[in-house]
Structures are given as C-alpha cells and as structure tokens.
Amino acid sequence: MNWYVEVLKKYAEFGGRAHRTEYWMFVLFNIIIAFAISIVERVVGSPGVLGALYSLAVLVPGIAVGVRRLHDTDRSGLWLLVAFVPIVGFFILLYFMVQDSQPGPNQYGPNPKGM
C-alpha cells in the first residue's frame, strides 16, 4: 500500500524515474480498488459514478508513474502514446514496463534501486 500512496504523493511529477515495483504495485492496487468499487456499485445499483470519479482521480498519477517508469528504462515518456496503436501498442508498452531498470544514472536521474 505504501507504493500506491507514494505514487499519489508524486501526483503530477513527470520527472525522474520509477522502478518496476513502484509501477506494478500502483497498477495492482488500482485494479483491486476498481474491482471493489464495481462490486459496491452493483450491490447498491449505482450507475457507475463512483468508478468514473475514481478513474479521473488516478488518471494523472497513472500517467505520471508510467512516464517515470519509461524514464527508468531510458525511454522518453512519449512512448506512452504507443498505447493508442491497436493491439500491438499494448504489447510494446507491456514489454517496456516489465524491463529492468537501466543500471546507473541516465538522462532522467539516478537509479531508484540505489536509493
């Protein structure tokens, strides 16, 4: 849960690097929270307003941690746009996100593993 909160604290910080654990824990907790919200909304009979609000709330932090994750692999944050390429874009981005950090400092900052 600390990883999730740390990403939210860095709400709109697009500079720097984020290692795999930070990124994937944020993704995991987003999935768990979204699933829980959808269950609650189905039980209550809500039209999905709470889920939409949650999605909007984590949109900017999600993009920011994705950009920092790409920086960790020494890629520009603009690579997030490859997700808009149907089917293939998802797999390319997934490949980038599961790669290990670039060892040592790069143009985006020091390696977060060493911190």
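The values are calculated or read from the model by the stated rules, or taken from the named source; none is laboratory data. This one's a predicted model, so the numbers in the text were calculated from it and none came from an experiment. FYI the Cβ positions are ideal-geometry reconstructions off the backbone, even for glycines, and counts take in every protein chain you see. SASA here: full protein model, heavy atoms, side chains in, ligands and nucleic acids out. Shrake-Rupley method; radii C 1.70, N 1.55, O 1.52, S 1.80 Å.
Of the conditions (1) in contact (Cβ under 8 Å) with a residue 12 or more places away in the chain; (2) open to solvent by 70 Å² or more (accessible area, probe 1.4 Å); (3) under 15 Å from the mean Cα position of the chain (by Cα), Gln107 clears all except one; give me its number.
So the condition that Gln107 fails would be (3).
Is region 54-68 home to any residue that is of a type in the set (Lys, Arg), touching a helix residue (DSSP H, G or I) at 6+ places or on another chain (Cβ under 7 Å) and under 24 Å from Ser101 (Cα atoms)?
For region 54-68, residues of a type in the set (Lys, Arg), touching a helix residue (DSSP H, G or I) at 6+ places or on another chain (Cβ under 7 Å) and under 24 Å from Ser101 (Cα atoms): absent.
Name the one entry in Glu6, Glu41 that is over 24 Å from Asp100 (Cα atoms) and either among the acidic types (Asp, Glu) or surrounded by 15 or more Cβ atoms within 10 Å (Cβ to Cβ) (or both).
Glu41
For residues in region 85-100 being aromatic (Phe, Trp, Tyr) and farther than 23 Å from Gly15 by Cβ, which is surrounded by the most Cβ atoms within 10 Å (Cβ to Cβ)?
Among those residues, the one meeting the criterion is Phe90.
List the residue pairs whose Cβ atoms are under 7 Å apart, where the first residue sits in region 23-44 and is closer than 21 Å to Lys9 by Cβ, the second is of a type in the set (Ser, Thr, Tyr) and surrounded by 14 or more Cβ atoms within 10 Å (Cβ to Cβ), and the two are 6 or more positions apart or on different chains.
Close Cβ pairs satisfying both conditions: Met25/Tyr4; Phe26/Tyr4; Phe29/Tyr4; Ile33/Tyr54; Ala34/Tyr54.
Starting from region 55-82, keep only residues that are farther than 13 Å from Phe26 by Cα and free of Cβ contacts under 8 Å to residues at least 12 places away in the same chain, then list their pairs with residues that are assigned to a helix (DSSP H, G or I) and among the aliphatic types (A, V, I, L, M) whose Cβ atoms are within a distance under 7 Å, requiring at least 6 positions of separation or different chains.
What qualifies is Ser76/Leu70; Val82/Ile92; Val82/Leu93.
Please specify each residue of region 73-97 satisfying the condition of being in a helix (DSSP H, G or I) and in contact with a helix residue (DSSP H, G or I) (Cβ under 7 Å, 6 or more places away or on another chain).
Gly77, Trp79, Leu80, Val82, Ala83, Gly89, Phe90, Ile92, Leu93, Phe96, Met97
It is to be established whether one or more residues within region 47-62 are at positive phi, surrounded by 14 or more Cβ atoms within 10 Å (Cβ to Cβ) and at pLDDT below 95.
no
For region 9-48, which residues satisfy the criterion of being of a type in the set (Lys, Arg), out of contact with any helix residue (DSSP H, G or I) (no Cβ under 6 Å at 6 or more places or on another chain) and part of a loop (DSSP other than H, G, I, E, B)?
Correct list: Lys10 only.
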